[in-house]
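The values are calculated or read from the model by the stated rules, or taken from the named source; none is laboratory data. Model, not experiment: these values are computed from the prediction. Reconstructed Cβ throughout: ideal geometry from the backbone, glycine too, with neighbour counts over all protein chains shown. Note: accessible area is taken over every heavy atom of the protein model, side chains too, but ligands, DNA and RNA are not part of it. Shrake-Rupley method; radii C 1.70, N 1.55, O 1.52, S 1.80 Å.
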Amino acid sequence: MKRGDDRVIRKRVGRRARGAGLLAGLALQVGLALQVGLALQVGLAASALAQTAPVDTGAAAPAPAPSAPIAPAPVAPASPDATIAADFATVTAAAAHARQTLQPLETALDALAGRNGAAGRDPGFARARGPLERHREALARFTALAALASSWRDLGHELAGLATTVRLADVDALAATVGSGAGADVRTALAAYRQAVGAVAAAAGALGERVAAARERDRLGGEARGGKVDPRYRALIAQHGETLADASVYVPSSPPELYRPKVAPAEKVFDVALVWDEAEDEWHRLPGDVPVEDIFRDVFLATGRRPTPGQLKTLSGIHAQIRARTAAVDALAGWLDTAATGDGAAAQAMARAADAAATRETLREPWRLRARYAYDATFRTSWLAGIDAIRRDLVGQGAAGAAVLQSLDAVLDRHDMTLESQWAVAVPPAKATLKVTAWFRDEPKARFVSLWRFDKELVRIEIDQGRATGVRRGSVVQSEGSIPGRNCVASDSRTFLANGTLNFAASYRCVRGDGVIEAKDRVGVGTWEVVPDGPTTDGKPTDAKPTDPKPAAEQKPEPRRRGR
């Protein structure tokens with residue numbers, strides 16, 4: 001080879017070496033690019049450059065850098081509401097598990113009581129078991145409501161009840177009472193239930209703080225709701241005035257359309273519950289002491305349908321009546337629980353009842369029975385018919401069922417209840433028109449006639465100078481009202497006896513022209529008889545009488561109408 005040819009070859013080799021160096025530098029840059037997320041494009045560029053590099057010098061080109069994994073897209077953090085919803089699901093699952101572990105514990109405790117007479121020997125044993133009944137109710141009610149609710153915002157109130165009712169302290173007190181001498185079945189069940197309750201307490205406690213923060217965020221007129229331009233805040237001012245709107249900080253409760261003062265106001269007039277009716281675009285103002293949250297929950301559980309704001313307003317207005325219903329059903333359920341035990345007259349009557357199995361089943365869940373009896377009229381009628389069937393059976397047993405029948409009637413009378421079998425033999429009859437002749441004891445010659453139209457509990461009274469209405473409880477009718485033409489209020493309590501006689505006590509409160517109030521109480525007696533449903537006492541048709549209310553107690557005669 002000639003020397004000139006050698007120089008040419010060296011130049012070519014040099015150029016190729018420099019090209020290889022450039023490729024190596026490019027590979028380094030590619031590796032850096034891969035580290036910042038450009039893996040796919042740079043990898044393809046490096047591969048293409050490597051394929052075009054000269055290779056006739058025998059020098060190997062540098063290998064392409066390895067491909068880096070593609071970085072995942074950043075995940076947005078969950079919203080506070082989504083986090084709370086997930087936490088509620090955790091609490092619900094924990095409550096369901098605790099409810100499952102409670103059943104074997106109660107079975108083991110029943111066996112313990114049977115083995116060694118613990119309940120009879122140690123009264124503290126029964127007291128220590130008492131909280132478990134409250135645990136059972138709180139756990140069952142929470143899980144049932146959670147299954148119905150579509151939003152965690154409907155569950156906040158029940159969560160607070162769960163946290164304060166299902167306590168580890170109750171389980172520890174029970175464990176201390178039964179002691180180490182309890183069998184392995186009791187110890188194992190206690191340990192499992194304690195662990196389950198601990199899970200409920202831990203989850204519910206943390207969640208309660210988040211719910212409180214969410215309520216503060218969603219307060220009426222708060223920044224999250226537009227501040228003072230919040231349409232609901234403006235509507236509250238328009239309806240009830242700025243004084244009430246600014247008297248408290250109102251935070252949502254459960255349901256979320258219910259708002260209460262964050263801090264109890266010093267003045268009673270501002271202690272209110274405010275319910276926002278979205279459909280009507282208005283606020284319902286309710287007394288603060290009405291448990292609207294409990295009404296919402298129980299109606300939901302009883303009917304399976306979420307109550308509307310209008311329904312909450314209506315039911316809050318008759319809360320006293322609802323409270324009387326729940327007291328009555330609790331008393332009747334207690335009587336049935338006792339009646340179902342043993343083999344006495346009541347147990348036999350209950351066993352023979354057509355719906356005995358269904359009645360026993362309702363007793364297993366007192367919280368659900370209470371809600372359905374209070375808010376489901378169809379269920380209430382059906383359930384009372386079952387009680388009445390037992391009562392009819394006791395009547396049919398004669399002397400054998402007399403004592404138990406008397407105890408049932410006492411419960412009914414205590415709660416102002418009358419069953420159909422009682423109406424059948426009621427005095428006066430359940431539905432009848434009575435002609436009543438009455439007089440005051442200190443004025444026996446002045447006698448007065450009136451008509452009393454009975455329709456079970458409702459009584460319409462027609463007196464010479466007007467009309468009145470009364471409420472019947474057994475054989476006693478209570479009436480109250482104003483006296484036409486006089487600035488007086490009168491009340492009357494009248495007892496009708498089976499022999500056709502009656503007695504009454506009347507009370508009058510009159511305001512004289514000088515503002516002085518005069519009070520007078522009078523008592524009297526009379527007679528009654530059933531008459532055909534016809535004209536009124538003055539011979540005019542019923543619909544021709546004046547509509548001014550007049551209580552039955554008003555017995556002052558007119559001079560020309562002293563006799564009948």
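Values as computed for the structure displayed
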| item | result |
| --- | --- |
| Region 335-354, subset without any contact (Cβ under 8 Å) to a residue 24 or more places away in the chain and assigned to a helix (DSSP H, G or I), residue least open to solvent (accessible area, probe 1.4 Å) | Ala347 |
| Criterion (within 16 Å of the chain's Cα centre (by Cα) and of a type outside the set (S, T, N, Q)) met by exactly one of Glu293, Glu361 | Glu293 |
| Matching option when the condition is at pLDDT below 95, over 16 Å from His319 (Cβ atoms) and either among the hydrophobic types (A, V, I, L, M, F, W, C) or open to solvent by 10 Å² or more (accessible area, probe 1.4 Å) (or both), among Val263, Val251 | Val263 |
| Selection count where residues are among the β-branched types (Val, Ile, Thr) and open to solvent by less than 10 Å² (accessible area, probe 1.4 Å), scope region 153-200 | 5 |
| Subset tally (residues that are assigned to a helix (DSSP H, G or I), under 24 Å from the mean Cα position of the chain (by Cα) and not β-branched (Val, Ile, Thr)) for region 160-169 | 4 |
| Selected residue (criterion: modelled with the lowest pLDDT) from residues of region 442-462 that are of a type outside the set (Ser, Thr, Tyr) and open to solvent by less than 20 Å² (accessible area, probe 1.4 Å) | Glu462 |
| Test for Ala206: is it in contact (Cβ under 8 Å) with a residue 60 or more places away in the chain, of a type in the set (Gly, Ala, Ser) and open to solvent by 40 Å² or more (accessible area, probe 1.4 Å) | yes |
| Given (1) touching a residue at least 24 places away in the same chain (Cβ under 8 Å); (2) open to solvent by 70 Å² or more (accessible area, probe 1.4 Å), number of the condition Ala358 does not satisfy | (2) |
| Hits in region 266-275 (condition: surrounded by fewer than 14 Cβ atoms within 10 Å (Cβ to Cβ) and of a type in the set (D, E, K, R)) | Glu267, Lys268 |
| The one condition in (1) free of Cβ contacts under 8 Å to residues at least 12 places away in the same chain; (2) within 30 Å of Glu257 (Cα to Cα) that Ala191 fails to fulfil | (2) |
| Verdict on Glu462 being among the acidic types (Asp, Glu), in a strand (DSSP E or B) and under 27 Å from Asp514 (Cβ atoms) | no |
| Complete set of residues in region 413-441 that are outside any helix (DSSP H, G or I), open to solvent by less than 40 Å² (accessible area, probe 1.4 Å) and of a type in the set (Ser, Thr, Tyr) | Thr433, Thr437 |
| Residue within region 124-131 that is on the phi < 0 side of the Ramachandran plot, at pLDDT 95 or above and open to solvent by 30 Å² or more (accessible area, probe 1.4 Å) present | no |
| Tabulated pairs, region 496-520, first without any contact (Cβ under 8 Å) to a residue 40 or more places away in the chain, second in a strand (DSSP E or B) and of a type in the set (Lys, Arg), C-beta under 6 angstrom, 6+ apart or interchain | Ala519/Arg509 |
| Filtered residue count, region 214-226, keeping only those that are of a type outside the set (Asp, Glu) and open to solvent by less than 60 Å² (accessible area, probe 1.4 Å) | 5 |
| Answer from Ala468, Ala410 - the residue that is open to solvent by less than 80 Å² (accessible area, probe 1.4 Å) and under 30 Å from Gly515 (Cβ atoms) | Ala468 |
| Gln321, sole failed condition from (1) under 30 Å from Ala410 (Cβ atoms); (2) open to solvent by less than 20 Å² (accessible area, probe 1.4 Å) | (2) |
